[in-house]
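Asker: Encoded as structure tokens, here's the structure I'll be asking about.
The values are calculated or read from the model by the stated rules, or taken from the named source; none is laboratory data. Since the model is a prediction, treat every value here as computed from it, not as a measurement. Methodologically, a virtual Cβ is constructed for each residue, glycine included, from the backbone with ideal geometry; neighbour enumeration extends over all protein chains shown.
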Amino acid sequence: MENKAVLESGIVPVYDQDDKPPLKEAIPLGLQHVFAMFVGNITVPVIVAGVLGMSVGETAFFLQCALFAAGVATFIQINRIGPIGSRLPIIMGTSFAIIAPSIAIGTQYGMSAVMGASLIAGLVQAVAGYFLKYIKHLFAPVVTGTVLLAIGLSLMPTGIDYAAGGVGAADYGSMSNWFLAGLVLLVIIICNNFLKGFIRMAAILIGLIVGYLVAIPMGKVDFSAIAEAGWFSLPTPFYFGFSFEWSSIALMSIVLLAVMVETIGNVTGITVGGAGREPSEEELSGGVVADGLATSVATLFNALPNTCYSQNVGVVSFTGVMSRWVVAIAGIILLIAGLFPKIGAVIAVMPASVLGGAAIVMFAMIATAGISLLSQTGLDRRSLFIIAVALGLGFGVGLRPDSLQQFPESVSLIFGGSGIVLTALTALILNVVLPKEEAE
């Protein structure tokens with residue numbers, strides 16, 4: 001039996017990891033997990049597809065692949081084969097952190113380079129997970145918190161562009177677009193702050209549904225793509241192909257190594273919140289290895305990198321249901337949803353302004369997650385200096401990528417594509433070389 005540190009919390013799970021609740025309970029609980037992660041899982045591919053100029057049909061296919069890959073990734077995570085998998089009730093989904101690098105790589109080299117970079121970066125993350133106990137000290141909260149803050153800040157202009165109607169739209173910046181975005185944002189605020197239970201947890205989903213329904217009589221939704229989409233289709237592997245640019249691989253690898261720390265936090269959150277204990281070394285390492293391999297497998301099905309979803313950590317903590325059986329049902333639901341193109345088409349025709357209202361909140365939450373991590377450092381003078389230099393240099397160059405236009409193209413992509421890599425490297429190096437402050 002594994003050695004797991006037990007906290008004196010008094011938390012006892014309603015159902016433990018290997019318990020099998022009756023189907024009349026397990027199916028609704030599984031659906032709840034799907035609802036909690038669904039919006040996040042579809043938002044990332046919709047945004048990347050929109051910025052890279054995919055057609056409605058391609059976007060619907062991209063969404064179908066994202067749903068299917070999330071189901072596959074979830075099964076990799078909830079089991080353990082050798083060093084792979086945490087055997088914890090963790091739902092996997094498309095990572096928000098890879099929006100900026102995916103857009104930077106896709107704009108420069110196309111989707112084949114995004115897939116190639118993600119394939120290799122996933123393997124890099126898996127190797128890092130295998131040797132986790134030796135390198136975990138490098139990714140201190142001051143490093144990962146700064147990176148998450150930079151990711152959130154770098155995505156905010158994209159959220160505003162979507163709220164205004166999407167870059168290149170004929171009605172960009174119109175009052176009707178801002179009305180829809182504002183309506184979605186208002187519904188999310190009300191549901192999240194004034195209501196309770198499931199409605200509060202599903203605030204973003206409810207906001208999107210309300211915005212979608214209001215957009216229909218406004219003539220903002222084109223249903224022709226839904227009618228043209230097939231009822232059933234298997235995801236076509238290798239649709240985008242693979243190309244390998246070392247600069248793209250470096251960019252995606254560094255971002256996924258930063259995401260690795262978020263995975264560690266989510267694995268810990270599952271065991272502490274759901275069972276009142278710290279995770280074992282095997283659970284932590286296996287969870288990160290599964291994250292990386294799931295990302296590589298996802299690329300085979302034309303999907304973006306996958307990671308543990310923090311929304312579902314909250315569901316486990318709230319319900320006390322640690323059962324992997326429940327999460328397996330959620331994984332099956334995702335696999336089934338990924339086989340029906342009409343589901344992807346319904347989402348693909350969602351007006352950009354509707355998505356923008358939710359994106360403003362979701363992207364800002366990434367930044368606040370970084371702030372939350374940074375607060376764990378105590379924010380002493382040393383930590384504040386690291387944050388200041390890393391954000392000032394990395395985020396500054398990200399806002400002005402042309403400042404690197406005289407550098408080789410590969411250098412410009414890695415350090416100027418979004419500023420995230422420069423932020424991460426600066427924070428990591430400073431955290432290693434700067435002397436620690438002695439307690440007075």
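Asker: Out of F61, F68, F38, report the one residue that is of a type in the set (A, V, I, L, M, F, W, C), assigned to a helix (DSSP H, G or I) and either surrounded by fewer than 22 Cβ atoms within 10 Å (Cβ to Cβ) or at pLDDT 90 or above (or both).
Answerer: Being of a type in the set (A, V, I, L, M, F, W, C), assigned to a helix (DSSP H, G or I) and either surrounded by fewer than 22 Cβ atoms within 10 Å (Cβ to Cβ) or at pLDDT 90 or above (or both) holds for just one of F61, F68, F38, which is F68.
Asker: Give the residue, chosen from S243, S247, that is within 23 Å of G116 (Cα to Cα), modelled with pLDDT of 85 or more and in contact with an Asp or Glu (Cβ under 8 Å, 6 or more places away or on another chain).
Answerer: S247
Asker: Further, regarding this structure: Please go through the stretch 182-210 and pick out each residue that is among the small types (G, A, S), farther than 13 Å from A359 by Cα and either assigned to a loop (DSSP other than H, G, I, E, B) or at pLDDT 90 or above (or both).
Answerer: A202, the sole residue that qualifies.
Asker: Please find, among G50, G30, the residue that is farther than 14 Å from A348 by Cβ and either touching a residue at least 12 places away in the same chain (Cβ under 8 Å) or among the hydrophobic types (A, V, I, L, M, F, W, C) (or both).
Answerer: G30
Asker: Please work out which residue is farthest from V124 (Cα to Cα), limiting yourself to the stretch 305-319 and to residues that are surrounded by fewer than 24 Cβ atoms within 10 Å (Cβ to Cβ) and either hydroxyl-bearing (S, T, Y) or modelled with pLDDT of 70 or more (or both).
Answerer: T319
Asker: Now for a separate question. Starting from the stretch 361-388, take each residue that is at negative phi and list its partners that are surrounded by 13 or more Cβ atoms within 10 Å (Cβ to Cβ) and of a type in the set (F, W, Y), counting only C-beta distances under 8 angstrom and pairs at least six apart or across chains.
Answerer: Short answer, once both residue conditions are applied: M362/F96; F363/F96; I366/F96.
Asker: Oh, and also: State the number of residues belonging to the stretch 320-354 that are at pLDDT below 85, among the β-branched types (V, I, T), surrounded by 21 or more Cβ atoms within 10 Å (Cβ to Cβ) and in a helix (DSSP H, G or I).
Answerer: 1
Asker: For V210, are the conditions met, namely being crowded, with 20+ Cβ neighbours inside 10 Å and touching a helix residue (DSSP H, G or I) at 6+ places or on another chain (Cβ under 9 Å)?
Answerer: No.
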